[in-house]
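See below for the structure under consideration.
Where a number appears in this text, it was derived from the coordinates with a stated rule and is not lab data. Worth saying up front: this structure is predicted, and the values here are computed from it rather than measured. We place every Cβ from the backbone using ideal geometry, glycine too, and count neighbours over all the protein chains shown.
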Amino acid sequence: MPFCPRCRSEYRDGFTRCADCALDLVPVLPEVPLAAGWVEVFRGTAVQADVAAAAIEAAGIETLTPDDYAATLGWMAPGTSHSIRVLVRTGEAARAKEILSDDR
């Protein structure tokens, strides 16, 4: 299935341009690069990522969600592959993962 490289919306086969962005669709979404000094500790839907980030931040650990822009469109297309990453500073990764494993 093709995707828009800007808004990351997924289209059915046969579509070639994004209706919102007017860009040519691509067969595979490029990965959004991680910010230097940050590491991914969680990936899921926008709601799941919000819950994970809130649990981590409640413990005083700063989070970053570089994929937030995808969440604005993901709710409109159930079943799409939109996923939001939750990042923490490299030195806080083990503690953040422990917090997430305790919450499950």
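Summary table
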read-out	value
Point-to-point label distance, L23-A58, nm (Cα→Cβ direction, 7 Å offset)	3.6 nm
Sorted by Cβ neighbour density within 10 Å, fewest at the top, the residues I99, I56	I99, I56
By average C-beta atoms within 10 angstrom, highest first, the peptides 19-26, 1-8	1-8, 19-26
Residues D50, D102 arranged by fewest to most Cβ contacts within 10 Å	D102, D50
Paramagnetic reach from D102 in the range 24-60 [backbone N under 12 Å; point 7 Å along Cα→Cβ]	55-60
